[in-house]
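Peer 1: Just passing along the structure, written as structure tokens.
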Amino acid sequence: MIEIETKPWQTMVLHAERIYPNECCGAMLGRNLDNKRVVTDAVPLENAYEGARGQRYQLRPEDLLAADKAARTRGLDLIGIFHSHPDCDAYFSNTDLKYSCPWYSFVVLSIQSGKFDHAKSYLPDADQTRADGEELIWQKS
Ligand SMILES: [Zn+2]
């Protein structure tokens, strides 16, 4: 289970709506507890994909590394990656799977006509062959 606090959730939705019709991406920082992950901070990152950014996103490894470092200096962990699907459902695509990492939660936000519609979280396996859904809770303000 992954729970996203109000502030990071607003950051993620705002970033996704602002970057629409392109895909946005970013890092989620927080704490790994026994029975759930809690996101306390979200860091918008640049979609570095050089092709059509409405259909794909790419994170720079150095951006992710910087986010990981920033988390650690504050006693937090990098616990996941978020990205948006403009005018598309929040499913986990084959491309998403191909570029996934098994130790992170992947939250996908569906943005329809520029507005947040729904979101889902996924846990990819180590072989990048499948990603199971994960219960996602966010705090509505
Ligand atoms: Zn995707």
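The values are calculated or read from the model by the stated rules, or taken from the named source; none is laboratory data. It should be emphasised that the depicted structure is a prediction, and the values quoted were computed from it without experimental measurement. Virtual Cβ from ideal backbone geometry, glycine too; neighbours counted across all protein chains shown.
Peer 1: Does Asp127 qualify as being assigned to a loop (DSSP other than H, G, I, E, B), charged (D, E, K, R) and either at pLDDT 95 or above or over 16 Å from Pro8 (Cα atoms) (or both)?
Peer 2: In short, yes.
Peer 1: So, of the residues in the range 91-112 that are surrounded by fewer than 19 Cβ atoms within 10 Å (Cβ to Cβ), assigned to a loop (DSSP other than H, G, I, E, B) and of a type outside the set (Ser, Thr, Tyr), which turns out to be nearest to the ligand (Cβ to nearest atom)?
Peer 2: The residue in question is Cys101.
Peer 1: OK, next. If a residue counts only when it is touching a residue at least 60 places away in the same chain (Cβ under 8 Å), which strands (runs of 3 or more DSSP E) contained entirely in the range 1-51 have at least 2 such residues?
Peer 2: Details: elements: 2-4, 25-32, 37-45.
Counting at least 2 such residues, we get 2-4.
Peer 1: Now, a different point. Hey, could you check the range 41-60 for residues that are of a type in the set (Gly, Ala, Ser) and surrounded by 17 or more Cβ atoms within 10 Å (Cβ to Cβ) and say which is farthest from the ligand (Cβ to nearest atom)?
Peer 2: Taking the candidates together, the pick is Ala42.
Peer 1: Among the residues of the range 65-87, are any within 16 Å of the ligand (Cβ to nearest atom) and part of a loop (DSSP other than H, G, I, E, B)?
Peer 2: Yes, some residue in the range 65-87 is within 16 Å of the ligand (Cβ to nearest atom) and part of a loop (DSSP other than H, G, I, E, B).
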